[in-house]
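The values are calculated or read from the model by the stated rules, or taken from the named source; none is laboratory data. These numbers were taken from a predicted model, which means no experiment stands behind them. Here the Cβ is made from the backbone with ideal geometry for all residues, glycine too, and neighbour counts use every protein chain on show.
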Amino acid sequence: MNTATSELLTVPEVMERLKVGRSKVYDLIRTRRLASLKVDGCRRIPDAAVRDFIRNQMGEAA
């Protein structure tokens, strides 16, 4: 997998990484807790946004 492709994740890939369901991922996007963009109508989430979300969650839990 090349770097450009690995930087943008699909919703199923984010579901797997966060171990949550599809509706939860879309809820996080809707509430702007997880940044995303649309590429020709397809929702994509930057890998960095997922890492930031996890880091923020860890900070809130501490």
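The table below gives the values:
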| quantity | calculated |
| --- | --- |
| Glu13 being outside any loop (DSSP other than H, G, I, E, B), charged (D, E, K, R) and buried (at least 16 other Cβ atoms within 10 Å of the Cβ) | yes |
| Test: Met1 is more than 8 Å from the chain's Cα centre (by Cα) and either modelled with pLDDT of 95 or more or not in a helix (DSSP H, G or I) (or both) | yes |
| Among residues of the stretch 19-47, those that are closer than 18 Å to Glu7 by Cα and either under 8 Å from the mean Cα position of the chain (by Cα) or surrounded by 15 or more Cβ atoms within 10 Å (Cβ to Cβ) (or both), counted | 10 |
